[in-house]
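Remarks on the structure that follows.
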Amino acid sequence: MKNENATWLPAIDEPWGDLDGNHNHGWLDLDGEIWTITNIHNFDDLGCTLDTLTIEKDGVEKKIYSCDEGETFTYDVY
């Protein structure tokens with residue numbers, strides 16, 4: 001599994017989101033480019049975690065994964 005040069009920049013957000021119910025999940029610094037995190041899905045079972053982040057920049061959307069609670073990120077979880 002190849003780790004990407006990425007750093008999660010979490011946002012400080014109210015638990016109920018903004019007036020429209022949208023949550024600010026923060027940003028991901030990916031090789032010096034800042035991507036907006038539009039969705040986070042967490043899976044935790046039997047001591048194994050998998051975080052799936054949907055990121056967006058300039059109309060391009062990608063999914064990136066973390067198996068260690070945001071310490072490292074990869075595009076390949078196999």
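Run Lys2 past the list (1) surrounded by 11 or more Cβ atoms within 10 Å (Cβ to Cβ); (2) modelled with pLDDT under 85; (3) of a type in the set (Lys, Arg) and report the number of the one that doesn't hold. Result: Lys2 passes all but (1). Among the residues making up the range 54-78, those that are more than 15 Å from Pro10 (Cα to Cα) and among the hydrophobic types (A, V, I, L, M, F, W, C) are Val60, Ile64, Cys67, Val77. The residue that is farthest from the chain's Cα centre (by Cα), counting only those in the range 18-65 that are part of a strand (DSSP E or B), among the charged types (D, E, K, R) and modelled with pLDDT under 85, is Asp45. When the range 27-71 is filtered for residues that are touching a residue at least 12 places away in the same chain (Cβ under 8 Å), acidic (Asp, Glu) and within 17 Å of Asn3 (Cα to Cα), the ones remaining, listed by number, are Asp29, Asp31, Glu33, Asp51, Asp68, Glu69. Scanning the range 45-75 for residues that are touching a strand residue (DSSP E or B) at 6+ places or on another chain (Cβ under 8 Å) and of a type in the set (D, E, K, R) returns Asp51, Glu56, Lys57, Glu61, Lys62, Lys63, Asp68, Glu69. Of the residues making up the range 22-53, those that are polar (S, T, N, Q) and over 18 Å from Ile12 (Cα atoms) are Asn42, Thr49, Thr52.
The values are calculated or read from the model by the stated rules, or taken from the named source; none is laboratory data. Just so it is clear, the model here is predicted, and its values are computed rather than measured. Cβ atoms come from the backbone with ideal geometry, glycine included; neighbour counts cover every protein chain shown.
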